[in-house]
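Nothing in this text is a laboratory measurement; each read-out follows from the coordinates by a stated rule. This is a predicted model, so every value here is computed, not measured. Cβ placement follows ideal geometry from the backbone for every residue including glycine, while neighbour counts extend to all protein chains displayed.
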């Protein structure tokens, strides 16, 4: 009798611990500094590709005319250099300066993700409970 009371009390105490869902695992990519470096390098490559984008024909099309030979060769980089002779260098510097910010953002996301996932799981359970309590459309009315 005493054994069963002790076991029953242990089960009751352990029930909340057993009912808790394990914390979601953060993907290792979010905590890997090499991934932050890859993202920064990708941003650098994308900015280079953006600078080489030909846009001279776009202005002519907006104006409703055919582009000249010079306009066909005009790129984003060319337009940027018209206003700032160091446009490309400044853009590359800004992208390089963003690397620490990318690393910090990934770290913050990795730290916040488990609690965000738990919150979403709790919201899902609440919605499921609310949906389960909704009246069925075919339920007879009184």
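Subtracting the Cα-Cα distance of residue 117 and residue 71 from 0.36 nm times their residue separation leaves 11.5 nm of extension gain.
Here 30, 74 are placed in order of increasing Cβ neighbour count within 10 Å, fewest first, which gives 30, 74. Using a simple spin-label model with pseudo-atoms 7 Å out from Cα toward Cβ, residue 141 and residue 81 lie 7.6 nm apart. Given their separation in residues at 0.36 nm each and the Cα-Cα distance between them, residue 127 and residue 62 gain 18.4 nm when the chain is fully extended. At an R0 of 22 angstrom, the distance between the Cβ atoms of residue 98 and residue 29 translates into a FRET efficiency of 0.75.
Placing a pseudo-label 7 Å from each Cα along the Cα-to-Cβ vector at residue 41 and residue 89 gives an inter-label distance of 2.5 nm.
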